[in-house]
Every structure is written in structure tokens, then in C-alpha cells.
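Q: Got a structure for you, written out below as C-alpha cells; questions coming shortly.
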Amino acid sequence: MLHPLLTVAAATHVEAAGFILKGIKGIFVVIGSVIAAVLCAVIAGVKGRSAVLFGILGLLFSIITLIVVIVIPRKPKGAGVGG
């Protein structure tokens, strides 16, 4: 059941109801992206990769980055820039 305000908006202004529903969809997309970003950062950190980099990539490309960070192997210990 829709909220009474949405019902009134849908009955009187069809465009307003569409904008409200698009806003709700946008909220779910943002929440999903943030969840994916946190998961990417945590998994990357556990695997010895840059948590910040994969967190940002996860925010931008969510599910693709999540798949990539799951598939990549752990970074070997001592495999840094100088070594």
C-alpha cells in the first residue's frame, strides 16, 4: 500500500508520482553502491590490496568491482614497490 501522500500525488499529478518513485529508486541505487564499496574495501584489505582504491572503484562500478576483487589473488607478502 502506498503512503497516503503518494496516493494523492498519483491521483492529482501523475508526473509528481513518477518523480517520487524515481527518487526512491535512486535511493536504493545509492545504498547498493555504498554497500558494494564497503564490501570491496574490506575484501581488498584482507587480500593485501588497496582498500581505499577498491572502495572508490566499488562506489563507482559496484558489482563489477566486487567481482574483480573477489577473483584477484592475494598479494604476496614482500611484493612491494621496492622489493
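Q: Taking the stretch 29-52, which residues are outside any helix (DSSP H, G or I) and of a type in the set (Ser, Thr, Tyr)?
A: 50
Q: Here's another thing I want to ask about it. Test each condition in (1) under 11 Å from the mean Cα position of the chain (by Cα); (2) at pLDDT below 95 for residue 24 and report the one that comes out false.
A: (1)
The values are calculated or read from the model by the stated rules, or taken from the named source; none is laboratory data. Remember, it's a predicted structure, so these values are computed and weren't measured experimentally.
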